[in-house]
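Just below is one structure, and these are the notes that go with it.
The values are calculated or read from the model by the stated rules, or taken from the named source; none is laboratory data. Note that the structure is a prediction, hence the values are computed from the model and not measured. Protein only, heavy atoms only, side chains kept; ligands, DNA and RNA dropped before computing areas. Shrake-Rupley method; radii C 1.70, N 1.55, O 1.52, S 1.80 Å.
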Amino acid sequence: MRFFAGFRTEYSPSVGDLFVVGVVVGGFAVPAAFQARMPLVGITAALVLRGSFILAGPATCYPSARS
């Protein structure tokens, strides 16, 4: 029962994410040639932004550590 509850908890956001991607693709009228590239761009942007936030976090929390 715990496995099913965990699976359901993790699966639900995935279906919601697919719905959001469909709405974004349809709303912005993304051409079919670029629809396959969208996830790659999104994942790359997320990794770059997450890395920059990880690096900027200590610098803003501990400004004296930079010198």
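Considering the stretch 1-59 alone, what residues qualify as being in a loop (DSSP other than H, G, I, E, B), open to solvent by 100 Å² or more (accessible area, probe 1.4 Å) and of a type outside the set (A, V, I, L, M, F, W, C)?
Of everything in the stretch 1-59, just one residue is in a loop (DSSP other than H, G, I, E, B), open to solvent by 100 Å² or more (accessible area, probe 1.4 Å) and of a type outside the set (A, V, I, L, M, F, W, C), namely 37.
Among the residues in the stretch 24-32, are any modelled with pLDDT of 75 or more, under 16 Å from the mean Cα position of the chain (by Cα) and of a type outside the set (D, E, K, R)?
Checked the stretch 24-32: at least one residue is modelled with pLDDT of 75 or more, under 16 Å from the mean Cα position of the chain (by Cα) and of a type outside the set (D, E, K, R).
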